[in-house]
Amino acid sequence: MTLTARSLRSTVPPEGTSGFLLAIVILGVMLALAVLVGWQLSVLTAGAFPKAPPYMILVYVLGLLAVMTPFTARLFPWISNWYYLLPALVFLGAFTILPVVLTVNYAFTNYSAQNSGMPDSGVRAEATLDSARRVVTLQEIPEEGGLASYLKCQATTCAGDTIVLYDEEASVPFKAQIASVAGNAVTLAQPVPASLPVTQVTRVNRYQYIGLQNFQEIFGKATEALWPVFLWTVIFAFSTVVLNALAGLTLGILLYNKRLKGRTIYRTLLILPWAVPSIISIQMWKALFDQQYGIVNKTMGLLGIIAIPWLNDPLWAKIAVILVNLWLGFPYMMTATISALATINDDLYEAASIDGASRWQQITSITLPLLRSSFTPILLSTFAFNFNNFGIIYLLTQGKPPVEGQVSTAGATDILLSWGYNTAFASSGGQNFALASAIALIIFFLTLAISVVNFKAAGVFEEARK
């Protein structure tokens, strides 16, 4: 369908895929303009009124949308039929597109707790402002190296850099552009608003683009973190899929037997691990696996078996993670098996029995081949889920125990995602968000590559072409 200027102004919505995409583009442009203009207005407001609340950008954006919505409807009368998509686009942009864009951006910077682009409250200095409200004089520079070093200026004159000003309450920071520095005096590019009585100043811990340095650091220490963590992530995801599938298939086939007495009771009991919230189950297993006080080791002690360091030894900690994940995952596989078995015609089994096929032959020749099409997407999705199964690692072991020869943020049970989390929020010496973003990008490409290989091996692409 060809979209002409006349059809765009029609009250009848354009049909087909082109009409839908056009509506998305128009609504997206409207939202983008509202956000950009609202952001600029909030910056101007903060410059004129330093104590203006940060949420003013939301007020401006909502106000602009209220004005732009009827204006857009006059230009394109049919677009009003698509306004129901606005909330979805807002949430998609705020919680999906924006985090992805920021992650990619931060991966090529030195963004961290020390380089956050925020005022450094730890090195505030007392200061006074001259009558012209353009020259700020520091009473004392908190660090050696002069004013340019203290302000972390990119040039010795500090021209174009930023200084942060505070009033007596030091509640709302006001960022001002520097024209030059001399001794303890800072000359500003513009006078400070009269509503701000300056009593303190500080610097901005700015972050900057550093290219591929984060990726070079990761791959430079690959043998100490990346490859061991990646190998364990693959082993963890693959072993979980295999064990859960075997357990689920076995129990599902056994419980589907209509001649089994009490099978409803067995199903109910075996589905309880799935019904109980995983957080509760994992914490329960963490207590059971305690080396000194856990019931598992207490019971083994009664049998004369020495206590096993379930969560303190690298190998046993990995085994514990796999066992707990088996406990959490097999009910899902069992339920999927029972549901899939219900779609198989009983006449096939009757014909096989007449031909003299044993129960095992029926399973291998009828049940398993017919379950393949149902289980292939389940197994692939389970592998992808466990490849990034942060919850069980964090709740059960926090990635511990540490391993000699590996970096401090990569423990024995850390998968790639938990390693990125430790790097971003639990690393010693500060939170390195930039390095964690680079790890997240690596995880994305590794997950994408593994998924493509899995889909190709399972013949998903061939099925889609049919």
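The values are calculated or read from the model by the stated rules, or taken from the named source; none is laboratory data. Predicted, not measured: the structure shown is a model, and the values here were computed from it. Don't worry about glycine lacking a Cβ; one is built from the backbone with ideal geometry, like all the others, and counts go over all protein chains shown. Just the protein is used for accessible areas: all its heavy atoms, side chains included, with ligands, DNA and RNA removed. Shrake-Rupley method; radii C 1.70, N 1.55, O 1.52, S 1.80 Å.
Values computed for the structure shown
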{"item": "Any chance Ile306 is aliphatic (A, V, I, L, M) and not in a helix (DSSP H, G or I)", "result": "yes"}
{"item": "Enumeration of residues in the stretch 40-49 that are surrounded by 14 or more Cβ atoms within 10 Å (Cβ to Cβ) and part of a helix (DSSP H, G or I)", "result": "Leu41, Ser42, Thr45, Ala46, Gly47"}
{"item": "Failed item, numbered, when Ile306 is tested on (1) modelled with pLDDT under 90; (2) open to solvent by less than 30 Å² (accessible area, probe 1.4 Å)", "result": "(2)"}
{"item": "Top-ranked residue of the stretch 119-151 - restricted to ones that are of a type in the set (Gly, Ala, Ser) and part of a loop (DSSP other than H, G, I, E, B), ranked as surrounded by the most Cβ atoms within 10 Å (Cβ to Cβ)", "result": "Ala132"}
{"item": "Matching residues in the stretch 272-289 - criterion: being among the hydrophobic types (A, V, I, L, M, F, W, C), farther than 13 Å from Leu311 by Cβ and surrounded by fewer than 16 Cβ atoms within 10 Å (Cβ to Cβ)", "result": "Leu272, Ala275, Val276, Ile279, Ile280, Met284"}
{"item": "Failed item, numbered, when Ile344 is tested on (1) of a type in the set (A, V, I, L, M); (2) assigned to a helix (DSSP H, G or I); (3) within 26 Å of Thr250 (Cβ to Cβ)", "result": "(2)"}
{"item": "Matching residues in the stretch 251-289 - criterion: being of a type in the set (S, T, N, Q) and within 22 Å of Ala320 (Cα to Cα)", "result": "Ser278, Ser281, Gln283"}
{"item": "Of all residues making up the stretch 84-118, the number that are under 21 Å from the mean Cα position of the chain (by Cα) and in a helix (DSSP H, G or I)", "result": "19"}
{"item": "Number of positions in the stretch 402-419 that are of a type in the set (Gly, Ala, Ser) and open to solvent by less than 20 Å² (accessible area, probe 1.4 Å)", "result": "4"}
{"item": "Members of the stretch 202-223 found to be buried (at least 16 other Cβ atoms within 10 Å of the Cβ) and of a type in the set (Phe, Trp, Tyr), listed by number", "result": "Tyr207, Phe215"}
{"item": "Filter result for Asn205 (touching a helix residue (DSSP H, G or I) at 6+ places or on another chain (Cβ under 7 Å) and not aromatic (Phe, Trp, Tyr))", "result": "no"}
{"item": "Among the residues listed as Leu255, Leu260, Leu226, Leu243, the single one being touching a residue at least 40 places away in the same chain (Cβ under 8 Å) and open to solvent by 50 Å² or more (accessible area, probe 1.4 Å)", "result": "Leu243"}
{"item": "Residue match in the stretch 195-204 (condition: touching a Cys at 6+ places or on another chain (Cβ under 7 Å) and in a loop (DSSP other than H, G, I, E, B))", "result": "no"}
{"item": "Residue selected from the stretch 381-401 under the condition open to solvent by less than 30 Å² (accessible area, probe 1.4 Å), touching a residue at least 40 places away in the same chain (Cβ under 8 Å) and more than 16 Å from the chain's Cα centre (by Cα), by the criterion nearest to Asn312 (Cα to Cα)", "result": "Pro401"}
{"item": "Residue match in the stretch 420-434 (condition: surrounded by fewer than 19 Cβ atoms within 10 Å (Cβ to Cβ), modelled with pLDDT of 85 or more and within 24 Å of Thr447 (Cα to Cα))", "result": "no"}
{"item": "From the options Trp360, Trp327, Trp316, residue that is at pLDDT below 85 and in a helix (DSSP H, G or I)", "result": "Trp360"}
{"item": "Top-ranked residue in the stretch 50-82 [being open to solvent by 70 Å² or more (accessible area, probe 1.4 Å), over 20 Å from Leu36 (Cα atoms) and not polar (S, T, N, Q); ranked as modelled with the lowest pLDDT]", "result": "Lys51"}
{"item": "Residue in the stretch 152-166 that is nearest to Gln114 (Cα to Cα), counting only those that are free of Cβ contacts under 8 Å to residues at least 12 places away in the same chain and open to solvent by 50 Å² or more (accessible area, probe 1.4 Å)", "result": "Gln154"}
{"item": "Only one of Gln190, Gln177 that is over 31 Å from the mean Cα position of the chain (by Cα), on the phi < 0 side of the Ramachandran plot, not aromatic (Phe, Trp, Tyr) and not in a loop (DSSP other than H, G, I, E, B)", "result": "Gln177"}
{"item": "Residues that are part of a helix (DSSP H, G or I), β-branched (Val, Ile, Thr) and more than 26 Å from Met333 (Cβ to Cβ), drawn from the stretch 374-431", "result": "Thr423"}
{"item": "Residue count, the stretch 13-46 (criterion: modelled with pLDDT under 85 and closer than 14 Å to Asn81 by Cα)", "result": "5"}
